[in-house]
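Structure first, then comments.
The values are calculated or read from the model by the stated rules, or taken from the named source; none is laboratory data. If you're wondering where the values come from, they're calculated on a predicted model, not measured in any experiment. Counting neighbours? That spans all protein chains shown, and the Cβs are built from the backbone with ideal geometry, glycine included. Ligands, DNA and RNA are stripped out before the accessible areas are found, and what is left, the full protein with its side chains, is counted by its heavy atoms. Shrake-Rupley method; radii C 1.70, N 1.55, O 1.52, S 1.80 Å.
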Amino acid sequence: MSGLKQLIHEVHRRSIWQVVGIYLGASWMALQVVEIMTQSVGLPDWVQPFAIVLLVIGFPIVLGTAFVQEGMGSRADAPAGPLAAPHAGDDPESRQITELKPDEAASGAVEDPEVQAGAMAEAVPERGTRHRVLTWRNALLGGVAAFAFLGVATAAYMTMRTVGIGPAATLVAKGAIDERAVVILADFGSSDSLLARAATEAFRVDLSQSDVVRLAKPSFVAQALRRMERPANSVLGAELAREIAQREGVGAVIAGEINPAGTGFVLTGQVLDPAEGTVLASHRETAADSSEILPAIDNLSKKLRERIGESYASIHADEPLERATTANLEALRLYSQAVEAAEARADVPRAVALLEEALALDTAFAMAWRKLGVVLMNRQQQRTRALEALEKAYEHRDRLTKRERYFATASWFQQGTREPEKAIPAYENLLEMDPEDDWALNNLGVAYLQLRNPDRAAEHYRRAVEADSASSSLPLSNLTGALVGQGKLEEAEGTLDAHRRLFPEDAAAYRNGAVLASVRGDYEAAREGWEDLRERETGNLFWRALTSGGLAAAAATQGRLEEAEGHWADAEAADEQRGLAAEALDDALASVWYDLVVRGDEAQAAVRLREALESYPLEEMPTLDRPYTQLATLAAISGQPGKAREILSEYEQEVPELIRGKSTSYRRALGSIAAAEARYEEAVAEFRRSDFGPCVHCALPGLADVYDRAGERDSAIALRERYLATSAFGRTFWDPTLLGPALERLGQLYDEAGDREKAVEYYARFVELWRDADSELQPRVEAAQRRIDEIFAETG
C-alpha cells in the first residue's frame with residue numbers, strides 16, 4: 001500500500017494536463033503489453049478491443065478526478081479571502097485565520113471556526129461528495145479491478161475452450177474432431193465459377209498452415225474419385241466431399257460459399273460432420289468489393305481454425321493471406337488449376353502453361369514460381385527456366401506461408417545451388433512443424449540420396465509412405481529406386497507391387513517396372529513394360545518421348561542398333577513436337593555416343609553431330625539447357641581435345657560458377673580432355689573430383705578407360721567390375737553404350753592376365769548379351785565365342 005500512497009502523492013503534484021499525458025502514455029504501454037501477450041501467449045482476439053474499451057471508459061474518470069483534485073488542492077492552498085486577518089508576527093496563534101460575515105465584520109463579532117466549517121459543509125454538499133468519490137485512490141483501484149476482471153474472464157474463457165465446456169469449447173476439445181485429423185476442403189459454391197475456384201485455393205493455402213488438422217491433398221481426392229469411378233475433374237461440392245470423407249475415413253469436411261451481395265460479397269464457411277452432415281461450426285464474413293475478398297477469406301479461415309481448436313498464437317503467427325499468396329484473384333485461380341493439373345492429372349504441359357499465365361499477372365507470386373521450378377525439375381526439362389523459377393521463389397520467400405518458405409529455401413539449395421546439406425535444416429524445420437509431413441520426408445530422402453546415404457534416404461521414404469500412402473505415389477516410387485540402389489531387388493519388387501496396387505493408374509509405377517527389369521538384365525520384360533506404358537499414355541508426348549528412350553536403351557544394350565535408332569528418332573520427334581530443342585538434341589546425340597563408344601566410327605559420329613547441331617543450334621537454346629559438357633566430352637573421345645577445350649571455354653563464360661562448381665559432367669569433360677592428351681594423372685584427378693552426388697556409377701567408366709590407356713590393367717579391371725556391380729536405376733540409360741563393351745573388354749583383360757576362368761565368364765556374358773545383335777556387331781560376338789572355345793580346348 002505504501003507504493004500506492006506514493007503513486008497517489010505523485011499524481012497529486014501534477015497538473016491536469018500532465019495527468020492526461022501520463023494516462024495516455026500508460027494506456028499505450030498497456031495496449032502494447034496486451035498485443036505482445038496476444039501474439040506470444042495466444043490470447044483471444046476480443047481481449048485487445050476489451051482492453052481499449054476499459055481504457056476509454058477510464059479516461060473521463062481520470063479526467064474528472066484530476067479536475068476535482070486539482071480544484072480541491074487550489075482551495076486548500078489559497079488565502080481565506082479579502083476579510084482574512086493579516087499575519088501578526090511569528091506567534092502561532094497570531095497565524096490563525098478567521099473569516100467574518102459582512103454583518104459580523106461591521107459589528108466586530110467573530111464566529112467560532114468549527115461552527116463556520118460546519119456551515120460551509122452544509123452549504124456545498126455536492127462538492128464534498130465528488131471529493132470523496134473522485135479520488136486517485138478510487139481511480140487506481142478501479143482500474144486495477146477492471147483489468148483484473150479482464151484477466152479472470154480471459155482465463156475462464158481459455159479454460160472452457162481447452163477442456164470443452166460451454167460455447168467457447170473447440171471441436172477438438174469436445175471430441176468432434178481428432179487432433180491432426182485429415183479434413184477435405186470442398187470447392188466453394190458460387191454463381192461465379194472462376195471466383196469460386198480462386199476462393200477455394202486461397203482457403204486451401206490458409207488452412208494448410210494449420211497445426212491441428214491436415215488438409216487432404218488434391219491427389220488424395222483424385223485417387224478417391226477413381227476408386228468411386230467418378231471423373232477426376234468432378235466438381236467437389238459439399239455432398240461429394242462428404243461421400244469421399246465417409247468412404248476414406250476422413251474426420252470432417254470444410255465447405256464454403258461466396259456470393260455477390262449488392263456491390264460486395266458475402267462469404268460463409270462451415271465445418272461439417274461427414275456422416276450426419278450436421279454443421280459443427282460456421283462463420284460469415286463480408287467483403288465490400290473484390291479487393292477485400294482475400295482479407296475476408298483470411299478472416300473466415302482463421303475463425304474456423306479457431307473453432308476447430310488451433311491455438312491463437314499459431315493463428316496470429318501466420319502471414320496475411322494476401323501477402324502469402326497474391327492479391328490478384330485471377331492469378332490465384334490459374335495457380336489452383338495448375339496445381340490440379342500437376343498433382344491430380346499429371347498433366348505437366350498444362351500445369352506449366354497455367355503457371356506461366358499466373359506469373360505474367362503477378363511477377364512476385366512466389367508460390368507459383370516455386371511450383372513451376374519443382375515441376376520442371378522433376379521432369380528434368382527446361383533447366384534454365386526451372387532454376388530461374390526456384391531462384392525467384394527464394395527471392396520472394398517473404399511472400400510465402402511459413403511452410404512454403406521452408407520448401408522454397410530447401411528447393412533452392414537442393415536443386416538450384418546443389419547443396420543438399422543446406423536444404424536438410426529447412427526440411428527438419430518442416431518436420432518440427434508436422435512430423436508426418438510426407439512431402440518434407442520425401443524430399444529429405446532425396447537430399448540424403450544426393451549425399452550418397454541410401455540408408456537414410458530409404459528410411460525417410462518409408463516414413464513418407466507411412467505418413468500418407470493414399471494420396472501420393474512419389475515416396476513409393478522413390479523408395480523403389482533407393483532399394484535398387486541398395487541392391488535389395490526383391491524388396492524393391494515388393495514396393496513396386498504396392499505402388500501398382502495403391503495407384504493402378506500411375507504411369508510412374510509402370511516406368512519403374514520397366515527400369516527394374518533392365519536392372520535385373522531381363523531386357524525382354526523391360527521392352528514389354530515400356531510398350532505397355534506407351535499404350536496406357538497414348539497421346540501424351542512426354543511419355544512417348546520417355547518410352548521411346550526406354551525402348552531404345554533396351555535394344556541398344558543388346559546390340560540391336562537399327563531398332564534402337566528408330567526409337568531414338570521417335571523420341572527426338574516427340575520432344576521436337578513439345579518444343580523442347582535441348583531434349584531433342586539430347587535424343588539425337590544418343591546415336592553419336594553409340595557410333596563413338598560401341599562402333600568406334602569417328603567419321604559417322606562427326607556427320608551425325610554436325611547434322612544434330614544444324615537442326616538444333618545452341619544459340620537458340622537457353623544457356624543452361626545447352627549440352628556444353630556432353631559436346632566437349634564427345635569431342636575429346638573422338639580425338640579432338642582442342643575442339644573440346646573451345647566448347648568448355650564457352651561453357652565457362654556463359655554458365656555461372658554457382659552452377660559449374662557443382663557440375664559433375666563438367667569435371668568428367670575435363671578428365672576426358674586430359675585423357676585424350678595422354679595426361680593420365682590429371683585425367684584421373686578430374687574424374688575423381690567428379691565422383692560426388694547421387695550418381696555412384698557415373699565416374700567409373702571414364703576412370704576405367706584412363707587406367708586402360710595408361711596400361712594399368714588391374715585398376716582398369718577393378719573399376720569396370722565396380723560399374724557392373726553397381727545397382728542403380730540410372731544405369732538403364734548408361735548401359736546401351738557401356739555394358740557390352742565393358743563385358744568384352746573385361747574378358748580381354750583377364751585373358752591377357754592369364755586368368756582363363758574369369759576371361760571365359762566375361763566373354764560368355766558378352767556373347768549372351770549380344771546374341772541377337774545386328775550383323776555389323778556379330779564379328780565381335782563370334783570372336784568372343786571362338787576365344788571361349790579355344791580356352792576350353794586349351795584347358796581340356
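A few comments on the model shown:
- Solvent exposure, largest accessible area first (probe 1.4 Å, DNA, RNA and ligands not counted), of 363, 732: 363, 732
- Using heavy atoms of the protein chains and a probe of 1.4 Å, the accessible area assigned to residue 503 is about 0 Å².
- Sulfur and carbon atoms: percent of accessible area, region 323-472 [1.4 Å]: 46 percent
- Local electrostatic count, residue 309, Cβ distance below 12 Å [Lys/Arg +1, Asp/Glu -1]: 0
- Using a Förster distance of 45 Å, the FRET efficiency for residue 53-residue 191 (Cβ separation, nearest 0.05): 0.70
- The distance from the alpha carbon centre of region 495-510 to that of region 253-299 is 38 Å, rounded to a whole number.
- Signed unit charges on C-beta, dipole axis of region 629-736, positive-most listed residue 661, 638, 724: 724
- Taking all protein chains together and a 1.4 Å probe, the residues 406, 628 rank 406, 628 from largest to smallest accessible area.
- Computed magnitude of the charge dipole of the chain (debye, nearest 20; Cβ of K, R +1, Cβ of D, E -1): 1300 debye
- Förster-model FRET efficiency, 30 Å R0, residue 243 and residue 208, C-beta, rounded to 0.05: 0.85
- Distance in nm between pseudo-label sites at residue 363 and residue 135 (7 Å out along the Cβ direction from Cα): 7.0 nm
- Relative contact order (%) - the chain, alpha-carbon pairs under 8 angstrom, separation at least six: 7 percent
- Per DSSP, loop trypsin sites (Lys or Arg not before Pro) in region 418-458 with at most 16 further Cβ within 10 Å: 452
- Database remark: amide H of residue 182 closer than 5 angstrom to the amide H of 214, 251 (H placed geometrically; neighbours at sequence offset of 5 or more, or on other chains; Pro and chain starts carry no H).
- Where labels lie 7 Å past Cα in the beta-carbon direction, separation of residue 604 and residue 662 in nm: 4.0 nm
- Coupling constants for region 739-753 follow from the phi torsions by the Karplus curve (6.51 cos²θ - 1.76 cosθ + 1.60, θ = phi - 60°), and in residue order they are 5, x, x, 5, 5, 4, 5, 5, x, 5, 5, 5, 5, 5, 7 Hz; glycine and proline get x.
- Given a 1.4 Å probe and the protein chains as shown, residue 136 ends up with an accessible area of around 20 Å².
- Euclidean distance between Cα centres, region 665-706 to region 166-181, Å: 61 Å
- Once Rg and the Kirkwood radius are both taken over the C-alpha atoms of the chain, their ratio Rg/Rh works out to 1.23.
- Relative contact order of region 419-557, pairs being alpha-carbon contacts under 8 Å that are 6 or more residues apart, as %: 14 percent
- Taking all protein chains as shown and a probe of 1.4 angstrom, residue 377 keeps an accessible surface of around 30 Å².
- Sum of -39500 (n - 2.57) over DSSP H runs of 4+, divided by residues of the chain (222 nm, nearest 500): -21000 deg cm²/dmol
- For residue 679 and residue 654, the difference between the fully extended length at 0.36 nm per residue and the C-alpha to C-alpha distance is 6.3 nm.
- Using 0.36 nm per residue and subtracting the Cα-Cα separation, the extra length available between residue 646 and residue 261 on full extension is 131.8 nm.
- Each residue of region 213-230 was assigned a 3J(HN,Hα) from its phi angle through the Karplus expression (A = 6.51, B = -1.76, C = 1.60, θ = phi - 60°), giving 10, 10, 7, 5, 7, x, 5, 4, 5, 4, 5, 5, 5, 5, 5, 8, 6, 9 Hz with x at Gly and Pro.
- Between residue 429 and residue 776, the FRET efficiency estimated from the beta carbon spacing at R0 = 56 angstrom works out to 0.45.
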